[in-house]
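The values are calculated or read from the model by the stated rules, or taken from the named source; none is laboratory data. Small disclaimer: the values here were computed from a predicted structure and weren't measured. Please note: Cβ atoms are built from the backbone with ideal geometry, for glycine as well, and neighbour counts cover all protein chains shown. Accessible surface areas use protein heavy atoms only, side chains included; no ligands, DNA or RNA. Shrake-Rupley method; radii C 1.70, N 1.55, O 1.52, S 1.80 Å.
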Amino acid sequence: MLTTDIILTWIHDFDKKISEKKDYLSELDTPIGDGDHGNNLARGAEAIEAALNKETPADATAALRAIAMALVSKVGGASGALYGTAFLEMAKTSRDTTKTADLLAAGLAGLQKRGGATTGEKTMIDVWAPVVTATKGGQLTQKIIDDAVAATKPMRATKGRASYVGDSSIGHLDPGAVSSGYLFTSLLEAGGAK
Amino acid sequence: MKKIMNDPKNIVAEMVEGMVRAYPQFVERLPETEALVRSDKSSMTGKVGLISGGGSGHEPTHAGFIGEGMLSAAVCGQVFTSPTPDQIYAAIKAADQGKGVFMVIKNYSGDVMNFDMAKDMADLDGIEVKSITVDDDIAVENSTFTQGRRGVAGTIFMHKILGAAADQGASLTELETLAKKVLPNIKTIAVALSGATVPEVGKPGFTLADDELEYGVGIHGEPGYRKEKMRPSKDLVKELLGKLKAAFNYQAGDKFAVLVNGMGATPLMEQFVFMRDVLNQLKDEGVNVAFTKVGNYMTSLDMAGVSLTLFKLTDDSWLDNLNYPVNTIAWTQK
Ligand SMILES: Nc1ncnc2c1ncn2[C@@H]1O[C@H](COP(=O)(O)OP(=O)(O)OP(=O)(O)O)[C@@H](O)[C@H]1O
Ligand SMILES: [Mg+2]
């Protein structure tokens, strides 16, 4: 269940992880992308913190919307549009339900609509999809998240910048998958996965 | 890294401020954005708005092409990162004169998604928006299993053709038809001599040995298709024109516009030498060159190298559009 408190704990922790791992995420983005993923998300994390500090959200919908707007307006790049759309869809769905699985499923649907990718294309979808499935069964674990992230390593990218390097994308973790891994680890730690 | 800057975090905002204050006759900043709009509003009245944008670091692209006969507005994203939808939306609103807005997008997943979101926002306002996604870089295989070809220097020909048409009163639908017709006739390929350093990263995106070059590199340092030892200009031309010849399958008598574009750190002297060699080879092949342009138009920060764009002029009116009067920071013509 995603209450306002859980959402805030979740996101504060995610923002902290992003600022700690900023350089690592950009390094992952260098061989198969353009080396900006960590910087992009760090800008987003800062903007989320600023927005939430400025005004304490009244409910879960307001919290998710504030997060979405900070991401949409400050991140840029593919990941800004994607994470922004995911949180916007979660915000919309949160008017009807607080069930984590339903909210994450709405987020995933938004990602797929925006980016047109499916599983196996070496993107953040490869983490979101198994996490949504596991959450539906009430069984999200750290191992499921870690395995999903690790599974992007042998994949060949067919969407996003990494697709430009073709076969050379094989053997590298997808940066967006890694950052999504942090997102779900934070969710698990905040007690929001149930 | 040695760069003339203050805090790398503010480099785009400070560049935009410098640009607006240096050239107030051409561009104005939209409040609280890094989006710029034409200062001369009367030149936009009654016409379809034409906007573009993308990551910064490619100056003078895109804001340097704002002005009568070219773009109405442009959005500057962070360095090498596509701009955000709210800023693109602000540019759409500023460009709209009730006739709709046409967007020129370069084919990168980030740009495509963010412009798409901005279009969704404009739809809600009842502003009609259409777009073209430029993918002129032939270094990349065009397959349904990748993002497809990237948008590079040929984009400025698209700006010029559409800008001239919009200025002459073309409708939104006419611009779309024109853009689709022009698109497959613009192709580009580059050679890099050194990589670009993103200010916030502090080291080059790729490195080449002192005597090494790389063919097919993208404008964000995307890897090319082959590295080899440095060679004379004529040989570089032979390699790049060979690729373009294969892509167009051009014949003696075909008519082209040619753009030699500096990547940022290559002197104009070298660009003119390169253009000379391009023109020599095209002459030998019997190709008719009807329009030429040399200079730094679609740069990649401090990358050294050049790109070569050929634009096949299969329609006579396209040459008129290239020669049509334009008044911008980076391209002026009476
Ligand atoms: N079509 C897509 N669908 C889902 N995820 C995608 C898609 N394209 C890219 N991604 C994800 O985005 C991540 C890259 O995000 P990043 O912030 O580096 O943006 P970017 O691709 O560099 O954008 P830009 O080209 O505008 O700079 C990838 O690792 C991948 O997980
Ligand atoms: Mg990137």
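Computed quantities for the displayed model
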quantity	calculated
Three-way shape label, chain B, alpha-carbon gyration tensor, a/c 1.5	oblate
Projected area, mean over directions - the stretch A:19-79, Cα convex hull, nm²	4.2 nm²
Buried on assembly, the stretch A:68-85 (at least 20 Å² less accessible surface than by itself, 1.4 Å probe)	A:V72, A:S73, A:G76, A:G77, A:A78, A:A81
Computed label-point distance, nm, for sites B:A247 and A:K54 using a 7 Å Cα→Cβ extension	4.3 nm
Cβ neighbours within 10 Å from other chains - mean over A:25-36	4
At R0 = 41 Å, FRET efficiency that the Cβ-Cβ distance of B:K283 and B:L124 yields, to 0.05	0.15
Global geometry of the stretch B:273-334, whether rounded, prolate or oblate, following the gyration tensor of its Cα atoms and the 1.5 cut on a/c	oblate
In the A-B interface, the accessible area buried, summed over both sides, Å² (probe 1.4 Å)	2200 Å²
Interface residues in the stretch B:78-107 - accessible area drops by 10 Å² or more relative to the isolated chain, probe 1.4 Å	B:Q78, B:F80, B:T81, B:S82, B:T84, B:P85, B:D86
In order through the stretch B:57-67: 3J(HN,Hα) via Karplus (6.51 cos²θ - 1.76 cosθ + 1.60), integer Hz, x for Gly, Pro	x, 10, 3, x, 5, 9, 4, x, 10, 7, x
Under 26 Å from B:K229, Cα to Cα: lysines that are on another chain or at least 8 residues apart	B:K187, B:K203, B:K238, B:K243, B:K245
Phi to ³J(HN,Hα) by Karplus 6.51 cos²θ - 1.76 cosθ + 1.60 over the stretch B:233-249, Hz, x for Gly, Pro	3, 4, 6, 5, 4, 4, 4, 5, 5, x, 5, 5, 4, 5, 5, 8, 6
Local electrostatic count, B:G46, Cβ distance below 13 Å [Lys/Arg +1, Asp/Glu -1]	+1
Point-to-point label distance, B:K334-B:E228, nm (Cα→Cβ direction, 7 Å offset)	4.5 nm
Debye, to nearest 20: dipole size of the protein assembly as shown, +1 on Lys, Arg Cβ, -1 on Asp, Glu Cβ	580 debye
Surface share of carbon and sulfur [accessible, 1.4 angstrom probe, percent] for the stretch B:8-184	50 percent
Label-point gap, in nm, between B:E17 and B:S42 - each point 7 angstrom along Cα→Cβ	3.2 nm
Computed over chain B: relative contact order in percent, which uses C-alpha pairs under 8 Å that are six or more apart	18 percent
Within 10 Å of each Cβ in A:104-117, the average number of Cβ atoms from other chains	1
Farthest toward positive dipole pole in the protein assembly as shown [+1 Lys/Arg, -1 Asp/Glu at C-beta], among B:N10, A:I67, B:Y23	B:Y23
The stretch B:1-138: C-alpha gyration tensor shape, a/c 1.5 cut-off, then a/b vs b/c	oblate
Under the Karplus curve 6.51 cos²θ - 1.76 cosθ + 1.60, θ = phi - 60°, whole-Hz ³J(HN,Hα) for the stretch B:299-310, x wherever Gly or Pro sits	8, 9, 6, 9, 5, 9, x, 9, 10, 10, 10, 10
Placed amide H near B:S194: partners under 5 Å, 5+ positions off or other chain	B:A304
Within the stretch B:219-263: backbone nitrogen closer than 14 Å to the B:L319 label point (7 Å, Cα to C-beta)	B:253-258
Per residue accessible area in Å² of chain A, where ligands, DNA and RNA are left out and the probe is 1.4 Å	39 Å²
Percent accessible area from carbon and sulfur atoms, the stretch A:4-189, protein chains only, probe 1.4 Å	53 percent
Assigned charges on the beta-carbon of Lys, Arg, Asp, Glu; the stretch A:64-169 dipole about Cα centre (debye)	240 debye
Å² of accessible area per residue within chain B, as computed with a 1.4 Å probe and no ligands counted	39 Å²
Reachable lysines from A:K159, criterion Cα separation under 20 angstrom, eight or more residues apart if same chain	A:K113, A:K122, B:K106
Delta accessible area of at least 10 Å² on complex formation, residues of the stretch A:160-194, 1.4 Å probe, chain isolated as reference	A:G160, A:R161, A:S163, A:Y164, A:V165
Per-residue [θ]222 nm for chain A (sum of -39500 (n - 2.57) over DSSP H runs n ≥ 4, rounded to 500)	-22500 deg cm²/dmol
